[in-house]
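Down below is the structure, laid out as structure tokens.
The values are calculated or read from the model by the stated rules, or taken from the named source; none is laboratory data. The model shown is predicted, which means the values in this text are computed figures rather than measured ones. Cβ placement follows ideal geometry from the backbone for every residue including glycine, while neighbour counts extend to all protein chains displayed.
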């Protein structure tokens, strides 16, 4: 497990902070949870590392739904919070689960900068941010930062780009 605290959890007067894996969070509850690096990749969510062949021999019948076990663990991590969930992601490779969450939760998901300013979510791909771009003749337009995967654009300028924090309110 990656330890965001380097083995020394921060200490605050009125709150308790701990770092847990999705698996270790089962059965626990907190006011808020923060999920770090909810992004695609080898060690991402879902992980692209294949299961060991020996493990596949002892696991009961394989799941027919892609990433079923990791999807359940992600749901466990999301539901540990009684008041709110914050998801941090690489804005170029957000986890496929963020798109699914946006499809289900709609307006309950808010895209923000690290400072808390609202960002404009791409209405087409749901995981991208609308950013200001210029075409070859210098005309300003709004385009999705997931280009070329998402080609959505709009005529007027978009909000400026910033690092992305995704927040889901419960």
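Observations on the structure shown:
- Summed over the stretch 93-124, the residues that are surrounded by fewer than 17 Cβ atoms within 10 Å (Cβ to Cβ) and over 23 Å from residue 21 (Cα atoms) give a count of 16.
- Residue check, residue 127 at pLDDT 90 or above, touching a strand residue (DSSP E or B) at 6+ places or on another chain (Cβ under 9 Å) and surrounded by 18 or more Cβ atoms within 10 Å (Cβ to Cβ): yes
- Considering residues of the stretch 28-44 that are at pLDDT 85 or above and in a loop (DSSP other than H, G, I, E, B) only, the residue farthest from residue 83 (Cα to Cα): 40
- Residue tally, condition more than 13 Å from the chain's Cα centre (by Cα), touching a residue at least 24 places away in the same chain (Cβ under 8 Å) and in a helix (DSSP H, G or I), over the stretch 69-107: 4
- Flag if residue 114 is under 21 Å from residue 45 (Cβ atoms) and touching a residue at least 24 places away in the same chain (Cβ under 8 Å): yes
- Test: residue in the stretch 127-139 that is within 17 Å of the chain's Cα centre (by Cα), in a loop (DSSP other than H, G, I, E, B) and within 22 Å of residue 40 (Cβ to Cβ): yes
- Enumeration of residues in the stretch 142-170 that are at pLDDT 90 or above, surrounded by fewer than 16 Cβ atoms within 10 Å (Cβ to Cβ) and not in a loop (DSSP other than H, G, I, E, B): 154
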